[in-house]
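Reviewing the structure listed below.
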Amino acid sequence: MMGFMTNVMPFGRRDEGLMHHTAASVRPHTDVLIHVNEVRDEDQCNEVATALKEIEGVLSAEFSPRRGHLLIVWYDTHCTSSREILDELHRQGLHVQLIGPV
């Protein structure tokens with residue numbers, strides 16, 4: 001089971017609870033890294049992450065603690081896409097670029 005999960009989930013994932021979740025073994029998930037041009041304070045970062053988590057299929061959205069302009073989003077590829085995530089960020093008035101999968 002663990003070998004299969006390694007292929008489905010990104011290496012280094014710390015979401016141990018999810019590794020045992022039934023849906024995690026069936027649905028493919030991916031991480032994407034997004035560059036946010038605007039400098040954000042902690043409250044703004046939380047607002048952005050909260051809005052992204054409201055998209056069906058987005059499991060996690062976090063700004064990098066070391067590089068606050070980098071946003072990592074983990075999502076179910078059967079429920080949403082990187083395009084939908086970028087569209088939501090644009091609706092929030094942000095200028096962003098998709099860097100790619102993590």
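Read-outs: derived from the displayed coordinates by stated rules, not from any lab. What you see is a predicted model; the values in this text were computed from it and never measured. Quick reminder, even Gly has a Cβ in these numbers, built from the backbone with ideal geometry, and neighbours come from all protein chains shown.
Some observations on this one:
- Using Cβ point charges alone (K and R +1, D and E -1), the dipole size of the stretch 26-101 about the Cα centre works out to roughly 280 debye.
- Ranked for footprinting exposure by Cβ neighbours inside 10 Å, fewest first, Thr77, Thr30 give Thr77, Thr30.
- Label point distance in nm, His78-Lys53, each placed 7 Å from Cα along Cα→Cβ: 2.3
- The ranking of Val102, Val96, Val39 by Cβ neighbour count inside 10 Å, starting from the fewest, reads Val39, Val102, Val96.
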